[in-house]
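*Asks:* Before I ask anything, let me first share the structure, which is written out below as C-alpha cells.
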Amino acid sequence: MKKIVLLTGLLVCLLSAMNQVQGQSAIISGRIVDSLTRETLPSVNIVEIDKNGRFIGGTVSDLNGNYVFKVSNVDNPVQVSFIGYQKETVYVRGRSEINFDLSPESIQMEEVTVVGEKMGHDGLTSVRDRATSVARIELSGMKSVMSTTVEDMLQGRIGNVDISSVSGDPGAGLNIRIRGTASLNARNQPLIVINGIPYDANIDESFDFASADIEKFGSLIDVSPEDIESIEVLKDAASTAAWGSRASNGVLMIKTKRGIKSKPIFEYTAKLTSAWEPDPIPMLDGAGYARLITEEHYNVTYNTFYSDEIAFDPEWEEYYNYSQNTNWVKEITRRAFTHQHDFSVRGGGEKTRYNMSMGFFDEEGTTIGNNLKKLNLRSSLDYDLSRKLQFKTDIMYTRYDQENTYDVEDYEYGGWKSLRSVAYRKMPNLSIYDRDTSNVHYGEYFTPISTLQGSARDAYNPVAFANLGEQQRYKDNARALFSARYFVTPRLIFNSTVTLDIFDNKIAKFLPHKALGYYYSSDISNHAVNEFSKKSSIFTFNQLIYRPELGIDHELVFMGQFDTEATQSRWYKTESSQSASPFLTEPVNDVHLTYFGSSFSEYRAMGLFLTGSYIFRDRYSLMLGAKYEGNSKFSRESRWGLFPTFSVFWRLSEEAMLRDVAFIDDLKLRFSWGQSGNSPAQNYLYFNTYEAGSGISYMDMQGVRPTGVELTSLRWETIDQVNPGISFYGLQGRLNIEVDYYRKKTLNLYLENSGIPEQTGFSSIDRNDGEMENRGFEFLIDYTVVRRQDFQLSFNMNLSRNQNQVLRLPENYSLVYGNMLENGNYKISVTPGEPLGGFFGYEYAGVYLSDDDAIVRDANGDPVYGLNIDSPLTMIMGGPSGYVFEGGDAKYVDQNYDGKIDELDLVYLGDLNPDLMGGAGIRVQYKSFILNTFLFFKLGQEIINQTRMDTEKMYNYDNQSLATNWRWRREGDETEIPRALFNDGYNWLGSDRFVEDGSYLRLKTVSLSYMVSPNLLQKIRVNEMRLFATGYNLFTWTNYSGQDPDVAPPSRPDVLPKDYSKTPPSMRLMFGATITF
C-alpha cells in the first residue's frame, strides 16, 4: 500500500512539473515610449499570440504608457502595436520587465507601390495570366474625372459595352448591352456583381400584366463612384462561366474599397452640379398654328374652316384663353441643380481593418416634377482571427426617394400621351392658366373638358399635369454579406460566403381631377395607385482552391465552387378613382376600385463549377472548366444543363526570339471558347395556369379558364462563344494594346407566341427553336506618351463593332408587326438573314409638284397608260381606300411599277445597331493640375424620329414644327414637305423620311482638377485637397434633327426604335472638392 501511495505521489509531481514546463505563466510589466520623441504612448495594444496566430489575451497601456500583463504561456510571443507605429514582437524568456521603444511608421497614401501580381476580381487568376476577354478600369486613375454615377463613368470607355438610359430624368434606369442582343425574349441584360456576389434589384416584371408593355426603369447601380476601387467587365463565356446562366450576357463586376492598415483616414467630397437641356425642336406659334389648321381643312373641303378656338376673336368670352403664344416644352423645362456629399473613414491594425462611408445625393430633373434623393450607407470589416481563419463582412443600404411626373411608367400615359410628347403637340394658342375677360388669372390651370385636339384625357394641359399629378417612389435596397476564408494548408483554401439581399419598393400615384379637367365620373378622375413589391434573395458560395507545389516551371490551380440562390418576390397593386376629395390620395375608403392584383413568385437555382488552370514556364497556359446548373424555371426533364469552357494563351514575349526585345514587356496570344445557358424571365412556365373572375362565366355561373399550356419541353438557350485575342504591354508599362474578335451564337432560341392550331384551345405556345448570332471586334490602346516628374501626357482609345443576324427560325413562327396601309406605321419583321431590330417602310421620293406629276411610270421613267385611255394612269394607294394621289401629296417609290403603293413596295430601312462605336480621351498632368477629356461616338445607327413624324404630319389638330412652314401650298412648289390635309391622304406613311442617321460624336467629359500644395495644407492639418470642375455632354456633333440621338434600344423584338423626345441627357457643369485628413 505504501508503494502505491508513493508511486501516485511521484506521478502527480511529475505531471505538475511537466505542466509548469509546457505552459508556465508569467507576469510582465513595462513602459512604452516613442523612439524619437521619448514621449509615453497611451492605449497601445499588448497581446499574447498562440502558434496559430490567434490573440489569446491582451491589455493596453495606461495614460503614462505603463502596462502590466499576465502571459499564459511564456513560450508564446508578445506583440505590441499602435496605429502609426511599427509593431514589435518579443518573447518573455524569463524577464519580468520589458520596455518598448516604438518607431513611427511613415505612410503616404496615393504613393504606395505594391510589388506583386494584381489579382482579378475572381481571386483565382492574376490579371497578367488571363486568357479570357476582360476589361478593367482602376478608379484611382479616374479621380480627376469625378463622375456622379457609375454609368456616366463607364459609357464609351469599354469596347462593345453599350450603356444608355431610358430617359434623362433622375433615376431613369439603365439599358446595358455587352456584345449585342443575344436573345429574342429571354434575358439580355448583363449580371451586376458587387464584391463577388450577384446584385439584382429588379422585381419580377411578369406580375403586373396591365403594364407589361411599358418600358420599365431598370435597376440602378447602388454604389457611389467614391466607394469603388475597380471595375471589371467580363465579356466571353470562359470568363463568365463561374456565374452560370445569369452571366450569359456578360458580367459587370464592381469591387468596393476596403479597410487598410493605417491611422483613421477621413475623406469628404462635395459636388454641386448645374444642368440644362439642349435646344428643343422649334414649334409653330399661335398664329402659325391657326393658319396651318385652316389650310388643312381647306385642302380637303375647299371651304373656309372656322372655329372660335383659333379665330382670335376679341369679342369671344374665352378669347384670352385661346390667344396666347405658349411654348409648352419650355414651360415644363427648367435649369436643374444637384448637390452630392460623400464621407468615408477607413483604417485598421494588424488584425482588423474597416471602411465606412455615407453618401447623399439630391438631384433635380430638367423636366419639372422629377427629382431624386438618394442615401447610401456602406461598411466593411475585415478581421483576421488567426493565420488560418479570416472573416469579412459587408453591409450596404440605399434609400431612394424619387419624384416623377405621373406619366412615367404608366400604361395609359406612355408613348404618344407622355408629358413631353403632349407638350410638343399641344395647341400653342392655349393659356396655361384660366383667364377671365380682363386677361387676369388667379393661378388656376386652364383645363377645358375638350378642345379641337380632343378630350382632356388625351390632350391635357402639360403644366397642370406635371405640377398636380403626383408619383412618389420609395426604394429600400439592403445587403448583408458574411464571408469566411480558412487556410486548410498554405496551398488549400476554403472560402464560404452567405449574402442576404432585400429590396422594398413602393409607388404611390395620384392624378387629381384638376390635372386633366376631364369628366369627374371617368375612371381617370382622382385616380390613385398604390403598388408594393418586395424581393429577397439568399446567395451562398462555397469554394475550394488548391495550388499544388510542382516546381518553378509549373503552376497549377484547381477550384471547385458550389453556389445556390433562393429568391422570393411579392407584389401588390390597387387602383381607384373618383375619390370625394383631391386630398384623399390613397386607393382606400369609399372610392371606385378599378384594379386589384397581387402575386407571389419563388425561384431557386444551384450550380457546381469545376475548373483547372495550368501554366508551363510562364509561357503556355490551359484552362478547362464546366458549369453544371439547375434552375427552377424549367421542368424536371429539362432543369439541369452542362456548359463547358476552356481557354489557352501563348506568351510570345517569353520565347527566345522576343525575350530580349527591349520595347516588349508582355505579349500573348489568347483564345477562349465556352457555352453558357440563358433561361426565360418568367417562372412557372412548366405548369398549367388558370384564371377566374367576374368576366369569366357560363350561364350565369362563375368560370375558370386556362391561361397557359404546360411547357415541360422548354430547354435552356445555349450561347456558344469563341474569342481569339492579342494582349500587348510595352515601353516599360507605358503602352497597352488589346485586340479581340468574337463570335457569339445563340442556339435553341426561346420563342414566345409560336403559332399552333386553335383546335387545341390555344393560339400559340412558347418553345425553343432557331438561332441568332453576334460577331464583332474590339480594339483598345492606352498609351502614356510622356512620363516625367512634373509632366505626363497619356492617350486612350477604344473601337468596337457588333453585327447581329438572325440565322434561323421555325417555318411556323412569324414575328411581323405593322399595318403598312395606314399612316404612321413601320413594319417589324424578324427574318433570317436580317439583324434583330430591323424595320421596313416605304422609300420617300419627295412631293408631287402637280397633279400631272402624280402619274404611274415604268422602270424607264416613262408614263404608263391604261387600255384605250389617252392620259397616263394616276398613282393610287393600295388597300381598301384607293386614295388617288394629287399634287402636293407625298411621293413614294413604286418599287414594282404596278401603279399603287402597298406592301409590295416596302424596303429595308435599317436598325438601331451602330456600325461602329467607341471613345477616346486625353489626360494631361502638369505639376498639380490634371486635365481629362473624353469623347464618345456611335456611327451608323438608324432612328425613327417619332416626334418629327408627329410634328410634320399636318393631319389633325396637333401643333407642328417650324419645318412645316416650307410645306407645299400651290402647284409648282418645290419642297420636301407635303401639303396639309385634315384626316385625309397618306402624307405620313412609315418611310425613310422620318428615319434618320443617329450617328454622333459627343464630348462626354472635360475635367480639370488641382491638388492644393501640401505645404499650405499642413497649416490646417489636412493631408490632401483636390479641387475640380467637370463638364458633361457639353457638345454633340450630329445631323440628327431630334433633341438627342442616343436612343435606348427596345427591350422587346416587337418594339420599334422610336424617339418620342423623352427628357434628353442634360448638359452639366459640376464643381467640387475632396478633402482627406
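The values are calculated or read from the model by the stated rules, or taken from the named source; none is laboratory data. Because the structure is a prediction, the values reported are computed rather than measured. Cβ: placed from backbone, ideal geometry, glycine included. Neighbour counts: every protein chain shown.
*Asks:* Go through the residues of the stretch 796-810 one by one and say whether even a single one is part of a loop (DSSP other than H, G, I, E, B), at pLDDT below 90 and at positive phi.
*Replies:* Narrowing the stretch 796-810 to residues part of a loop (DSSP other than H, G, I, E, B): 809-810.
Okay, now just the ones that are also at pLDDT below 90, so 809-810.
Going one step further and asking which of them are at positive phi, we end up with none.
Within the stretch 796-810, not a single residue is part of a loop (DSSP other than H, G, I, E, B), at pLDDT below 90 and at positive phi.
*Asks:* Shifting gears a bit: Could you tell me whether the stretch 800-822 includes any residue that is of a type outside the set (Ser, Thr, Tyr) and farther than 30 Å from SER183 by Cβ? If you could, list the steps in order and put the result at the bottom.
*Replies:* Taking the stretch 800-822 first, the residues of a type outside the set (Ser, Thr, Tyr) are 801-812, 815-816, 818-822.
Cutting the leftovers down to farther than 30 Å from SER183 by Cβ gives us 821-822.
The answer is yes, given that some residue of the stretch 800-822 is of a type outside the set (Ser, Thr, Tyr) and farther than 30 Å from SER183 by Cβ.
*Asks:* Search the stretch 519-540 for residues being aromatic (Phe, Trp, Tyr) and surrounded by fewer than 21 Cβ atoms within 10 Å (Cβ to Cβ), and hand back the single one that is nearest to THR393 (Cα to Cα). It would help to see each step written out before you state the result.
*Replies:* Quick first cut of the stretch 519-540, residues aromatic (Phe, Trp, Tyr) only: 519-520, 532, 539.
Subsequent filtering for residues that are surrounded by fewer than 21 Cβ atoms within 10 Å (Cβ to Cβ) retains 519-520, 532.
Details: TYR519: 57, TYR520: 55, PHE532: 30 Å.
Across the stretch 519-540, the extreme among qualifying residues is PHE532.
*Asks:* Considering only residues that are of a type in the set (S, T, N, Q), touching a residue at least 40 places away in the same chain (Cβ under 8 Å) and in contact with a Phe, Trp or Tyr (Cβ under 9 Å, 6 or more places away or on another chain), which ones fall in the stretch 353-385?
*Replies:* Pass one, the stretch 353-385, residues of a type in the set (S, T, N, Q): 355, 357, 366-367, 370-371, 376, 379-380.
Cutting the leftovers down to touching a residue at least 40 places away in the same chain (Cβ under 8 Å) gives us 355, 357, 366-367, 370-371, 376, 380.
Those that are of a type in the set (S, T, N, Q), touching a residue at least 40 places away in the same chain (Cβ under 8 Å) and in contact with a Phe, Trp or Tyr (Cβ under 9 Å, 6 or more places away or on another chain): SER357, THR366, ASN376, SER380.
*Asks:* Taking the stretch 698-731 as the region of interest, how many residues are touching a Lys or Arg at 6+ places or on another chain (Cβ under 9 Å) and part of a loop (DSSP other than H, G, I, E, B)?
*Replies:* So the count comes out to 4.
*Asks:* Scan the stretch 352-381 residue by residue and report those that are surrounded by fewer than 20 Cβ atoms within 10 Å (Cβ to Cβ) and out of contact with any His (no Cβ under 8 Å at 6 or more places or on another chain).
*Replies:* Initially, the stretch 352-381 is screened for residues surrounded by fewer than 20 Cβ atoms within 10 Å (Cβ to Cβ), giving 352, 354, 356, 358, 360, 362, 368, 371, 373, 375, 377, 379, 381.
Within the stretch 352-381, THR352, TYR354, MET356, MET358, ILE368, ASN371, LYS373, LEU375, LEU377, SER379, LEU381 qualify.
*Asks:* Can you name the residue in the stretch 1037-1065 that is surrounded by fewer than 20 Cβ atoms within 10 Å (Cβ to Cβ) and β-branched (Val, Ile, Thr) and, of all such residues, is farthest from SER991 (Cα to Cα)?
*Replies:* This residue is THR1038.
*Asks:* Look at GLY725 and say whether it is within 30 Å of VAL648 (Cα to Cα), of a type outside the set (Ser, Thr, Tyr), buried (at least 16 other Cβ atoms within 10 Å of the Cβ) and touching a helix residue (DSSP H, G or I) at 6+ places or on another chain (Cβ under 6 Å). Even if it seems obvious, please write down each step before you answer.
*Replies:* Working: within 30 Å of VAL648 (Cα to Cα): yes; of a type outside the set (Ser, Thr, Tyr): yes; buried (at least 16 other Cβ atoms within 10 Å of the Cβ): yes; touching a helix residue (DSSP H, G or I) at 6+ places or on another chain (Cβ under 6 Å): no.
Against the criterion (within 30 Å of VAL648 (Cα to Cα), of a type outside the set (Ser, Thr, Tyr), buried (at least 16 other Cβ atoms within 10 Å of the Cβ) and touching a helix residue (DSSP H, G or I) at 6+ places or on another chain (Cβ under 6 Å)), GLY725 does not qualify.
*Asks:* Give the number of residues within the stretch 546-566 that are surrounded by 12 or more Cβ atoms within 10 Å (Cβ to Cβ) and of a type in the set (Asp, Glu).
*Replies:* Adding up the residues that qualify gives 3.
*Asks:* If you don't mind, another one. Inside the stretch 916-930, can you point out the residues that are farther than 21 Å from LEU780 by Cα and not charged (D, E, K, R)? Explain how you work it out, then say what you get.
*Replies:* Taking the stretch 916-930 as the starting set, the residues that turn out to be farther than 21 Å from LEU780 by Cα are 925-930.
Within the stretch 916-930, GLN925, TYR926, SER928, PHE929, ILE930 meet the criteria.
*Asks:* While we're on this one: On the given criteria, is THR574 surrounded by fewer than 18 Cβ atoms within 10 Å (Cβ to Cβ) and either hydroxyl-bearing (Ser, Thr, Tyr) or in a strand (DSSP E or B) (or both)? It would help to see each step written out before you state the result.
*Replies:* On the way: surrounded by fewer than 18 Cβ atoms within 10 Å (Cβ to Cβ): no; either hydroxyl-bearing (Ser, Thr, Tyr) or in a strand (DSSP E or B) (or both): yes.
It is false that THR574 is surrounded by fewer than 18 Cβ atoms within 10 Å (Cβ to Cβ) and either hydroxyl-bearing (Ser, Thr, Tyr) or in a strand (DSSP E or B) (or both).
*Asks:* Are there strands (runs of 3 or more DSSP E) fully within the stretch 42-105 with at least 3 residues that are surrounded by 15 or more Cβ atoms within 10 Å (Cβ to Cβ)? List them. It would help to see each step written out before you state the result.
*Replies:* Numbers: elements: 45-49, 55-60, 66-71, 78-81, 88-90, 100-102.
It comes to 45-49, 66-71, 78-81.
*Asks:* Hey, another quick one. If THR338 passes every condition in (1) surrounded by fewer than 16 Cβ atoms within 10 Å (Cβ to Cβ); (2) of a type in the set (Val, Ile, Thr); (3) closer than 22 Å to ARG399 by Cα but one, which one does it miss?
*Replies:* Unmet condition: (1).
*Asks:* Being over 33 Å from the mean Cα position of the chain (by Cα) and part of a strand (DSSP E or B) is the filter here; which residues of the stretch 613-656 pass it? Spell out the reasoning first.
*Replies:* Quick first cut of the stretch 613-656, residues over 33 Å from the mean Cα position of the chain (by Cα) only: 614-622, 636-637, 650-656.
Matches in the stretch 613-656: TYR614, ILE615, PHE616, TYR620, SER621, LEU622, TRP650, ARG651.
*Asks:* Looking only at residues that are under 24 Å from GLY288 (Cβ atoms) and small (Gly, Ala, Ser) in the stretch 419-455, which one is surrounded by the most Cβ atoms within 10 Å (Cβ to Cβ)?
*Replies:* Among them, the one singled out is ALA423.
*Asks:* Limited to the stretch 411-422, what total is found for residues that are out of contact with any strand residue (DSSP E or B) (no Cβ under 9 Å at 6 or more places or on another chain) and part of a helix (DSSP H, G or I)?
*Replies:* Result for the stretch 411-422: 4.
*Asks:* Assess whether SER579 counts as being in contact (Cβ under 8 Å) with a residue 12 or more places away in the chain, within 30 Å of ILE524 (Cβ to Cβ) and not aromatic (Phe, Trp, Tyr). Spell out how you get there, then give the answer.
*Replies:* Details: in contact (Cβ under 8 Å) with a residue 12 or more places away in the chain: yes; within 30 Å of ILE524 (Cβ to Cβ): yes; not aromatic (Phe, Trp, Tyr): yes.
The answer is yes for SER579.
*Asks:* Continuing with this model, one more query. Against the condition under 28 Å from GLU295 (Cβ atoms) and aliphatic (A, V, I, L, M), how does VAL893 come out, does it pass?
*Replies:* Working: under 28 Å from GLU295 (Cβ atoms): yes; aliphatic (A, V, I, L, M): yes.
It is true that VAL893 is under 28 Å from GLU295 (Cβ atoms) and aliphatic (A, V, I, L, M).
*Asks:* Return the total of residues in the stretch 251-284 being basic (Lys, Arg) and in a loop (DSSP other than H, G, I, E, B). Please lay out each step first, then the result.
*Replies:* Initially, the stretch 251-284 is screened for residues basic (Lys, Arg), giving 255, 257-258, 261, 263, 271.
Among the residues that remain, those that are also in a loop (DSSP other than H, G, I, E, B) are: 257-258, 261.
Summing the residues that are basic (Lys, Arg) and in a loop (DSSP other than H, G, I, E, B) in the stretch 251-284 gives 3.
*Asks:* I've got another one for you. Considering each residue of the stretch 647-699, count those that are among the aromatic types (Phe, Trp, Tyr) and in contact with a Leu (Cβ under 9 Å, 6 or more places away or on another chain), and give that number. Walk me through how you get there before you give the answer.
*Replies:* To start, the set of residues in the stretch 647-699 that are among the aromatic types (Phe, Trp, Tyr) comprises 649-650, 663, 671, 673, 684, 686-687, 690, 698.
Checking the rest, the ones that are also in contact with a Leu (Cβ under 9 Å, 6 or more places away or on another chain) come to 649-650, 663, 686-687.
Counting residues in the stretch 647-699 that are among the aromatic types (Phe, Trp, Tyr) and in contact with a Leu (Cβ under 9 Å, 6 or more places away or on another chain) gives 5.
*Asks:* Still on this structure, please answer the following. Answer with yes or no whether GLY879 is touching a Ser or Thr at 6+ places or on another chain (Cβ under 7 Å) and either part of a loop (DSSP other than H, G, I, E, B) or surrounded by fewer than 15 Cβ atoms within 10 Å (Cβ to Cβ) (or both). If you could, list the steps in order and put the result at the bottom.
*Replies:* Numbers: touching a Ser or Thr at 6+ places or on another chain (Cβ under 7 Å): no; either part of a loop (DSSP other than H, G, I, E, B) or surrounded by fewer than 15 Cβ atoms within 10 Å (Cβ to Cβ) (or both): yes.
Taking the combined requirement at face value, the residue does not satisfy it.
*Asks:* To continue, here is another question. Which one of LEU584, LEU556, LEU593 is at negative phi, assigned by TED's automatic domain parsing to the domain that holds ILE197 and assigned to a loop (DSSP other than H, G, I, E, B)?
*Replies:* Details: LEU556 fails: assigned to a loop (DSSP other than H, G, I, E, B); LEU593 fails: assigned to a loop (DSSP other than H, G, I, E, B).
Being at negative phi, assigned by TED's automatic domain parsing to the domain that holds ILE197 and assigned to a loop (DSSP other than H, G, I, E, B) holds for just one of LEU584, LEU556, LEU593, which is LEU584.
*Asks:* Turning to a different aspect of this structure: Can you tell me which residue in the stretch 657-688 is surrounded by the fewest Cβ atoms within 10 Å (Cβ to Cβ), limited to those that are of a type in the set (Phe, Trp, Tyr) and not in a loop (DSSP other than H, G, I, E, B)?
*Replies:* PHE671
*Asks:* Name the one entry in ARG639, ARG734, ARG651 that is in contact (Cβ under 8 Å) with a residue 40 or more places away in the chain and surrounded by 12 or more Cβ atoms within 10 Å (Cβ to Cβ). Before you say what the answer is, go through the steps one by one.
*Replies:* Numbers: ARG639 fails: in contact (Cβ under 8 Å) with a residue 40 or more places away in the chain; ARG651 fails: in contact (Cβ under 8 Å) with a residue 40 or more places away in the chain.
Step by step, each of ARG639, ARG734, ARG651 is checked, and only ARG734 is in contact (Cβ under 8 Å) with a residue 40 or more places away in the chain and surrounded by 12 or more Cβ atoms within 10 Å (Cβ to Cβ).
*Asks:* State all residues of the stretch 826-848 that are part of a loop (DSSP other than H, G, I, E, B) and touching a Lys or Arg at 6+ places or on another chain (Cβ under 7 Å); if no residue qualifies, say none.
*Replies:* Residues of the stretch 826-848 part of a loop (DSSP other than H, G, I, E, B): 826, 830-838, 843, 848.
Matches in the stretch 826-848: PRO832, TYR848.
*Asks:* Is at least one residue of the stretch 782-795 assigned by TED's automatic domain parsing to the domain that holds GLU138, of a type outside the set (Ser, Thr, Tyr) and touching a Pro at 6+ places or on another chain (Cβ under 9 Å)? Give the steps one after another, and end with the answer.
*Replies:* Narrowing the stretch 782-795 to residues assigned by TED's automatic domain parsing to the domain that holds GLU138: 782-795.
If we keep only those that are of a type outside the set (Ser, Thr, Tyr) as well, we get 782, 785-793, 795.
Applying the additional criterion that residues be touching a Pro at 6+ places or on another chain (Cβ under 9 Å) yields none.
No, the stretch 782-795 has no match at all.
*Asks:* Moving on. Take TYR926 and decide whether it is touching a residue at least 60 places away in the same chain (Cβ under 8 Å), of a type outside the set (Val, Ile, Thr) and farther than 25 Å from ASP152 by Cβ.
*Replies:* Details: touching a residue at least 60 places away in the same chain (Cβ under 8 Å): yes; of a type outside the set (Val, Ile, Thr): yes; farther than 25 Å from ASP152 by Cβ: yes.
In short, yes.
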